[in-house]
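The values are calculated or read from the model by the stated rules, or taken from the named source; none is laboratory data. No experiment lies behind these values; they were computed from the predicted model shown. Positions of Cβ are generated from backbone atoms using ideal geometry, with glycine treated the same way; all protein chains shown enter the neighbour counts. To get the accessible areas, we keep the full protein, side chains included, count just its heavy atoms, and leave off ligands, DNA and RNA. Shrake-Rupley method; radii C 1.70, N 1.55, O 1.52, S 1.80 Å.
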Amino acid sequence: MTTSKLPSDFLWGFATASYQIEGSPDADGRLPANWDTFTSIPGKVADGSSGAVACDSYNRTDEDIALLKQCRAKAYRFSLSWSRIIPLGGRNDPVNEKGIQHYVKFVDDLLAAGITPMVTLFHWDLPDNLDKRYGGFLNKEEFVADFANYARVVYKALPKVKHWITFNEPWCSSILGYSTGLFAPGRTSDRTKSAEGDSSREPWIVGHSLLVAHGAAVKVYRDEFKPQNGGEIGITLNGDWAMPWDPENPADVEACDRKIEFSISWFADPVYFGKYPDSMRKQLGDRLPEFTEEDAALVKGSNDFYGMNHYCANYIKNKTGEADPDDFLGNLESLLEDKNGTPVGPETQSAWLQPHPEGFRKLLKWLSDRYGKPKIYVTENGTSLKGENDLPIDQLLNDEFRVNYFRGYIAAMADSYTLDGVNVRAYMAWSLLDNFEWAEGYETRFGVTYVDYEGGQKRHPKKSAKEIGNFFDQYIEKS
Ligand code: PNW
């Protein structure tokens, strides 16, 4: 029996992202995003699908809000489609009033339902024109100016939003988009996958642009909006816990911190300290861009809260010798079994994800220690289920495995708050709905709600949709 608690003002709810749920790519003046283009290339998505319809959430905001209410959610984290708001993306391009009004109404409706909106400005769906016009994130000057402009348009339109996230998982945008090529725009050194790209250089340039763009958007908010609107803003970083493959081997033990530095501190160190981790500078040399004094000042101190996406843990095995130029892990192997063949956790539908709730508590502590006890918002946490898509609906709705996942992870978070003194203040489960799981298409489901893609996108809450609220009832202190 645990006696751990969470504070009475703890904010919890569910998360989604625009491209994964909205559909309606041509509605009300929207123009293509990079993911519309990427998904149209054969072979890029497992089931050949795209976000063209997805959960049809663009037309079902009332249904989604009703679902959130039914789950008793206090908050909803969703992202905005940049190409609905500024269809061509750039600072001199027209603003689309219809796109803006869609989100204005959605925020009003959420607030009327008593649900706090948490808004992500960018969750991977870049206006395609910006890729075509100047190479998107590869062009720091242009991208930073265009992102800051987009952010300003959005802050101005949505003054009632008090929780802002600039970027979702810049690691994924950089590594999956420009090193492995698994995500849009699919650039990589692997010429069987892409005619263009340089995995040894481009991801580090992209990460740098995203950091500076984050800093610039935070400055716009703090200078021009925060004084009147009083909200808060931060960036959301993904990262897993790291455990030595062989705990007796000091090199494996040391490699664990390096793994976390290459995935999380790549972004968090500049945000909290104004510089990249030494381990990255050492391995990457001048392939890792240098911060100008001006950019470092923009980025340092730019988080009002730390946005944490977290799913699992890995076993880490050091590699000896010179790192491969395309390496992005820190010259190590990231594995799902340790030296004795013990797995991280049970298998799921996602090749990279095996639940390990103890790792969540440990990573929360690691982050809290390294970054000086920041306020942490868990902005994503959740799981897929092996074979879920093939189950008959009655079994699928009884998602005990997902219930157990949430039970374990929420308990670990309450222990982190109560026993380790970590200042964790919000938790958004991924995801409210089964949705377009990027390169995995629709075969992999992460929702607490089943979406019937063949049956007109009808929503059916799974068991986990109800249980999460019960867990929070148990932990959150009554005010
Ligand atoms: C996150 N990995 O992405 C995203 O923010 C969501 O949009 C996504 O649906 C969710 O997690 C589930 O995948 C990740 O390969 C995608 O390690 C891939 C990885 C991590 C996070």
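Structure above, values below:
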read-out: Reference-scaled alpha-carbon Rg (2.2 N^0.38 Å with N residues) for the range 138-214; value: 1.27
read-out: Dipole-positive endmost among GLY181, PRO250, GLY51 within the range 11-475 (Cβ charges, Cα centre); value: GLY51
read-out: Global form of the range 44-109, assessed from the alpha-carbon gyration tensor, a/c cut-off 1.5; value: oblate
read-out: Kirkwood Rh, Cα atoms: Rg over Rh of the range 1-86; value: 1.12
read-out: Partner aspartates and glutamates for LYS339 [C-alpha distance under 14 Å; skip if fewer than 8 residues away on the same chain]; value: ASP246, GLU248, ASP252
read-out: Kirkwood Rh in Å, taken over the range 321-466 so that all alpha-carbon pairs contribute; value: 17.2 Å
read-out: Cβ-based charge dipole, the range 194-287, positive-most Cα from THR236, SER265, VAL212; value: VAL212
read-out: Straight-distance crosslink candidates among lysines, where the alpha carbon sits under 18 Å from LYS44 and sequence neighbours closer than 8 are dropped; value: LYS193
read-out: The range 199-357 pair-distance distribution - Cα-Cα, 10 Å bins, rounded %; value: 10, 33, 31, 18, 6, 1
read-out: Sequence-separation-based contact order of the range 11-475, relative, with Cα cut under 8 Å and 6+ spacing, percent; value: 16 percent
read-out: DSSP bridge pairs, the chain: antiparallel proportion in percent, nearest 5; value: 20 percent
read-out: Positive-pole candidate from ALA17, TRP82, GLN474, dipole of the range 11-475, charges at beta carbon; value: GLN474
read-out: Largest-first principal axis extents of the Cα set of the chain (Å); value: 57, 56, 48
read-out: Euclidean distance between Cα centres, the range 122-168 to the range 228-251, Å; value: 24 Å
read-out: Point-charge dipole on Cβ atoms (K/R +1, D/E -1) for the chain, about Cα centre, debye to 20; value: 1380 debye
read-out: Accessible area of the range 11-475 belonging to carbon and sulfur atoms, whole % at 1.4 Å probe; value: 51 percent
read-out: All lysines inside 16 Å of LYS275 as judged from Cα atoms, apart from same-chain residues fewer than 8 positions distant; value: LYS300
read-out: Per residue solvent-accessible surface (Å²) - the chain, probe of 1.4 Å; value: 37 Å²
